[in-house]
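Asks: Sharing a structure, written as structure tokens. Questions coming.
The values are calculated or read from the model by the stated rules, or taken from the named source; none is laboratory data. Quick caveat: nothing in here was measured; it's all calculated off a predicted structure. So basically every Cβ, Gly included, is an ideal-geometry build from the backbone, and we count neighbours across all protein chains shown. Remember, those area values only see protein heavy atoms, side chains included, never the ligands or the DNA or RNA. Shrake-Rupley method; radii C 1.70, N 1.55, O 1.52, S 1.80 Å.
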Amino acid sequence: GAGVSQSPRYKVAKRGQDVALRCDPISGHVSLFWYQQALGQGPEFLTYFQNEAQLDKSGLPSDRFFAERPEGSVSTLKIQRTQQEDSAVYLCASGGTENTEAFFGQGTRLTVV
Amino acid sequence: RKEVEQDPGPFNVPEGATVAFNCTYSNSASQSFFWYRQDCRKEPKLLMSVYSSGNEDGRFTAQLNRASQYISLLIRDSKLSDSATYLCVVNKGYSSASKIIFGSGTRLSIRP
């Protein structure tokens, strides 16, 4: 498809389990963003890639969160030893160049039980 | 202080009313600005970009005031389908990095 694709759409994890969330950006998009959105809140910035380079990871809440984009296209957000407070929708967005709009995937809804 | 701040609402207005939202941002170096719309349990989608001269798209008008560092969105003749959360978005775009920051959103509910 032509849009941003995220998988899985829904993930239920037991507390302490590791999870990996995948994002397929729009082909050719240089920028890729990950956001965390809690219920009733706006998306909170986690990290940003330009091609394969992770230029900003200041929003990652702890060292349990790790993101990569090794070939400058698909990205994976990994959360180790999940906690209940990690429950949220994780949104991925991609963009072409600076100062242009970002296009979002449908998100992965993570529930930690 | 958050980098982008919005009144969370909710705004509950009758169909046909005019409603306005404001948003303030803290980084004066911010370079581009957008309003996104997010429906319940859906991803955010671009509503419109915001230009310094102000811009209009049908019933929607966006304004940017760089001196005061605020952005506004005006919706005229509101429709039931306008009910959603409206997110103010700022792209900092400094050097080779570009960090898009969202406000927490303003919830709008249009009643018949």
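Asks: Taking all protein chains in place and a 1.4 Å probe, what share, in percent, of the accessible surface of the protein assembly as shown do carbon and sulfur account for?
Replies: 48
Asks: A follow-up question, please. Given a 1.4 Å probe and the protein chains all in place, what does the accessible area of residue B:51 round to, in Å² to the nearest 10?
Replies: For residue B:51, the solvent-accessible surface is approximately 130 Å².
Asks: Could you give me the percent of Cα pairs per 5 Å distance bin for segment B:1-98, shortest bin first, beginning at zero and ending with the bin that holds the maximum distance?
Replies: Values per bin, smallest distances first: 3, 12, 24, 25, 20, 11, 5, 1, 1.
Asks: Here's a follow-up. Leaving ligands, DNA and RNA out of it, work out the accessible area of residue A:45 with a 1.4 Å probe and give it in Å² to the nearest 10.
Replies: Near enough 20 Å² of accessible area.
Asks: Show me you know the interface measure: the accessible area buried between B and A, both chains summed, probe 1.4 Å, in Å² to the nearest 100. Show your work: numbers first, answer last.
Replies: Values: alone 6300 and 6400 Å², together 10760 Å².
Buried area between the two chains comes out at roughly 1900 Å².
Asks: Using label points projected 7 Å from each Cα along Cα→Cβ, tell me how many nm separate residue A:63 and residue A:9, to one decimal.
Replies: Distance between the two pseudo-spin positions: 3.7 nm.
Asks: Taking a probe of 1.4 Å, how large is the accessible area per residue of the protein assembly as shown, in Å²? Each step should come with its number before you reach the end.
Replies: Details: 10760 Å² over 225 residues.
So the protein assembly as shown comes to 48 Å² accessible per residue, rounded to a whole number.
Asks: What distance in nm separates the simple spin-label points at residue A:109 and residue A:18, each placed 7 Å from Cα in the Cβ direction?
Replies: 2.7
Asks: Taking chain B as a whole, which cysteines find no other cysteine Cβ under 4.7 angstrom from their Cβ?
Replies: Among the cysteines of chain B, those whose Cβ sits 4.7 Å or more from every other are B:40.
Asks: Going from most exposed to least, what order do B:25, A:10 have by accessible area with a 1.4 Å probe? Please list the in-between numbers first.
Replies: Working: B:25 5, A:10 150 Å².
The ordering from most to least exposed comes out as A:10, B:25.
Asks: I've got another one for you. Round to the nearest 0.05 the FRET efficiency obtained for residue B:70 and residue B:39 when R0 = 25 Å and r is the Cβ-Cβ distance.
Replies: Working: r = 25 Å, r/R0 = 1.00.
The value I calculate is 0.50.
Asks: Report the calculated FRET efficiency for residue B:29 and residue A:76 (r = Cβ-Cβ distance, R0 = 25 Å), to the nearest 0.05. Mind dumping the intermediate values first?
Replies: Values: r = 31 Å, r/R0 = 1.25.
In this case the efficiency is close to 0.20.
Asks: Give the aspartates and glutamates reachable from residue B:2 as a straight Cα distance under 16 Å; neighbours fewer than 8 places away on the same chain don't count.
Replies: In chain and number order, the partners are A:44.
Asks: Over its Cα atoms, what ratio of radius of gyration to 2.2 N^0.38 Å does chain A give?
Replies: Working: Rg = 13.1 Å, N = 113, 2.2 N^0.38 = 13.3 Å.
So chain A has a normalised radius of gyration of 0.99.
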